[in-house]
1. In a Gaussian network model over the chain where Cα atoms closer than 10 Å are linked, find which of 49, 97, 86 has the largest mean-square fluctuation.
2. Using a Förster distance of 41 Å, how high is the FRET efficiency between residue 77 and residue 35, based on the Cβ-Cβ distance and rounded to 0.05?
3. Take residue 66 and residue 156, extend 7 Å from each Cα along the Cα→Cβ direction, and tell me the distance between the two endpoints in nm.
4. Note the count of lysine pairs whose C-alpha atoms are less than 29 angstrom apart in the chain, limited to pairs 8 or more residues apart or on different chains.
5. How large is the charge dipole for the range 69-164, taken about the Cα centre, if only the Cβ atoms of Lys, Arg (+1) and Asp, Glu (-1) carry charge, to the nearest 20 debye?
6. Of 72, 152, 108, which has the largest mean-square fluctuation in a 10 Å C-alpha GNM of the chain?
7. Take the chain, mark every one of the GluC sites (Glu not before Pro) that falls in a DSSP loop and has at most 13 other Cβ within 10 Å, then report the longest stretch left between them, sites excluded.
8. Explain nothing, just the number: relative contact order of the chain, from Cα pairs under 8 Å at least 6 residues apart, as a whole percent.
Amino acid sequence: MIRILLFTVLSALTTSISAQQQVPAISIKKLTGETIDFSEWVTEMNRPIIISFWATWCSPCKKELDAVADMYPDWQEEFNVELAAISIDDRRAFAKIGPMVETRAWEYSIFTDENQALMQALNVQAVPHTFLINSDGQIVWSHSSYVPGDEYELEDKLRELLRK
């Protein structure tokens, strides 16, 4: 009986872990309101992608995206990377996203996950949460929270990915 229970638990954990290795096929929206399948978008990009889950009410999220904004043009040139900033704000806060992005001059691909379906599928517990996706659409790195300097760790991970 214990073996069966242990096998069931281990099987569930293995399935959960391997399911998170690839970006899931979840619908999210662009700021224009257009719905896209995020895994298809990742596949079409065919390059490394940074996914940053954030919210308009989250100070560490804004600090992280501001810090990365300074480095992003260099990263695009050196690593050919794309950044997808995915807001988890609900429908009521949607109107704040566009003006905030414009004011802060974030030149990222901005999406909304207002039902938090993608966030849940990737088991994100809190924002900010950052993922690094390789050109095959596989999650190769994940980081939760933000303290100044974390952007340099992300740059190191991009450099490692480029060497592979």
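Each value in this text was obtained by applying a stated rule to the coordinates, not by laboratory testing. Here the structure is a predicted model, which means the values were calculated and not measured. Cβ: placed from backbone, ideal geometry, glycine included. Neighbour counts: every protein chain shown.
1. Ranking 49, 97, 86 by mean-square fluctuation puts 97 first.
2. After rounding, the FRET efficiency stands at 0.85.
3. 2.5
4. 12
5. Roughly 340 debye for the range 69-164.
6. Result for the chain, Cα springs under 10 Å: 152 fluctuates most.
7. 35-106
8. 29
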